[in-house]
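Student: The structure that follows is given in the form of C-alpha cells.
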Amino acid sequence: MIVPLDDAGPGCGGKAHGLGVLLRAGLPVPEGFVVVGPAVEPGAVAEHLRRLGGGAVAVRSSGLAEDSAAASFAGQLETVLGARGLDEVLAAIRRCAASAGTDRVCGYRARLGLADDGAAAPVLVQRLVEADHAGVLFTRDPRSGADAVVINASWGLGESVVSGAVVPDEVVVAPPGDTVRVTVGAKQTRLDLGVAGLVRSRVPAPERARACVEAGEVPRLVALGRRCAELFGGPQDVEWAIRDERIWLLQARPITALGAAGPVTPSASRPLVTGVPSSPGRAGGPARLVRSVDDFARVRRGDVLVCRTTDPAWTPLFRLAAAVVTETGGALSHAAIVAREFGIPAVVGAGAAMARLTDGAPVTVDGTAGTITAGCGR
C-alpha cells in the first residue's frame with residue numbers, strides 16, 4: 001500500500017506520521033509518499049515518483065517504534081539519499097524496509113528493553129532537498145535539559161551533521177531575550193548530490209571559518225522548532241535543510257533523553273583532550289582506540305571507546321563501552337543521541353584524540369565538561 005505523506009498516520013511509522021502532522025499544519029515539508037507492507041508494486045511507485053517530479057529522492061525507514069518518545073533509533077535503520085529512477089528507488093525501499101531486522105537494530109532494542117515487533121519498516125520516499133546548508137535543531141538542550149534551542153549546522157546535506165562526519169557549527173538560543181551564542185565548527189567536508197550520486201568534498205578554508213547559518217535564519221529556525229514542539233506537546237528533535245534561503249523540515253520527533261542540569265566538577269589534572277560535551281556524566285576505564293571494524297574484537301566491557309567517528313555499525317560497541325570519545329561530530333549527532341539513550345558519557349569533536357590518548361591507558365571521560373583526563377577517577 002502507498003500512502004501520500006500528507007495523509008500519513010501512525011500506521012505509516014513514527015517518522016512519516018510526524019511529517020504528515022507538520023504538512024497538515026501547513027509547515028514546509030518536502031512532498032513524498034510512504035510504502036507500507038512488504039509488497040511493493042513497481043507501477044504504483046513509478047506513478048508516485050512521477051508526481052514528485054522525477055528527480056532524486058531521499059528514501060528513509062519509518063519504523064513503527066522509530067522516532068518515538070521511548071527510542072529514537074537514531075541512525076539504526078537505513079537511509080538512502082539521492083536515489084534516481086525506479087530501479088534505484090525500489091532497491092532502496094527494500095533495503096530500508098529490511099533494515100528493521102538487522103543485528104544492530106535487535107541489539108539496540110535489547111539495550112533499551114524494547115520488544116521486537118518482527119515487522120518490516122514502512123518506508124518514506126521524499127523529494128531530496130539539495131541543501132546549501134543543513135542540520136539538526138533541538139528545542140531543549142539535551143545535555144542539561146535547559147530551556148534553550150540548540151542548532152547544529154554544516155554545509156551541504158545534513159547527513160554530515162547526523163552521521164558525525166564533521167564538527168558542526170553550534171548555535172544556542174536561550175532566554176531571556178533569546179540570546180544567541182555561536183560556536184563555529186571545523187566543517188571539514190560537505191556532502192552534496194552530484195551527477196552520478198553523492199559527492200563528499202573538502203570545504204575551502206574561508207567557508208570552514210565562518211558560520212553557515214546566517215543571522216536572519218536563526219530566528220526563523222527557532223520559530224519553526226518551537227512550532228513543532230507546540231504541535232506535538234513536548235521537546236522536539238528537528239532535522240532541517242536550507243536551499244536558496246528557503247527552510248525545509250525533514251523530521252520532527254521527541255527528544256528521547258534529556259540530561260539534568262548540574263555543576264561542572266573541575267578536574268584536578270590538566271585534560272589530555274577536550275571536545276564538545278555531548279552526553280553528561282563521568283566514567284573511567286582503559287582507552288580503547290578503534291580505527292576500523294577489524295578492531296571491534298579488542299573492545300571489552302568497561303573500555304572507553306575512542307575513534308575518529310562512528311557509524312551505525314558501531315552501535316554494538318556502545319553496549320560495552322563505559323564512555324565514548326570521537327574526533328568529529330556534534331552534540332546532536334546520532335552517536336551522541338545513542339550515548340545519551342544508553343546513559344554513557346560522551347565527548348565528540350575531540351580532535352587529535354587518537355593521537356593523544358594511548359591504547360590501554362586509563363582515562364576518565366567527563367561528558368558534562370567535555371574533557372578526557374588521565375587516570376580512572378570518578
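Taken together, the values in this text are just the output of simple stated rules run on the coordinates, not laboratory data. Small disclaimer: the values here were computed from a predicted structure and weren't measured. Counting neighbours? That spans all protein chains shown, and the Cβs are built from the backbone with ideal geometry, glycine included.
Student: About the Cα centre, and with charges only on the beta carbon of Lys, Arg (+1) and Asp, Glu (-1), how big is the dipole of the chain? Nearest 20 debye, please. Walk me through the numbers on the way to the answer.
Tutor: Working: 39 positive and 38 negative charges, 197 e Å.
The calculation lands at about 940 debye.
Student: How would region 57-149 be classified by its alpha-carbon gyration tensor: rounded, prolate or oblate, with rounded meaning a/c under 1.5 and the a/b versus b/c comparison settling the rest?
Tutor: Working: a/c = 2.90, a/b = 1.15, b/c = 2.51.
Here region 57-149 falls in the oblate category.
Student: Residues with amide H under 5 Å of Val276's amide H, sequence separation 5 or more or different chain, H placed in the peptide plane at 1.01 Å from N; which?
Tutor: The list, which skips near neighbours in sequence, is Val348, Gly349, Ala350.
Student: Now, a different point. Compute the length gained on full extension between Ala297 and Val40: take 0.36 nm times their separation in residues and subtract their Cα-Cα distance, giving the result in nm to one decimal.
Tutor: Here the answer is 88.7 nm.
Student: Can you show me the helix-derived [θ] at 222 nm for the chain, built from DSSP H runs with n ≥ 4 at -39,500 (n - 2.57) apiece and divided by the number of residues, rounded to the nearest 500.
Tutor: That comes out to -6000 deg cm²/dmol.
Student: Which shape class, rounded, prolate or oblate, goes with region 273-374 when its Cα gyration tensor gives a ≥ b ≥ c as root eigenvalues, a/c under 1.5 marks rounded, and past that a/b bigger than b/c marks prolate?
Tutor: rounded
Student: Students often check this: by mean Cβ neighbours within 10 Å, which of 201-209, 22-30, 137-145, 363-371 ranks highest, and how do the rest follow?
Tutor: Those peptides, ordered most packed to least, come out 363-371, 137-145, 22-30, 201-209.
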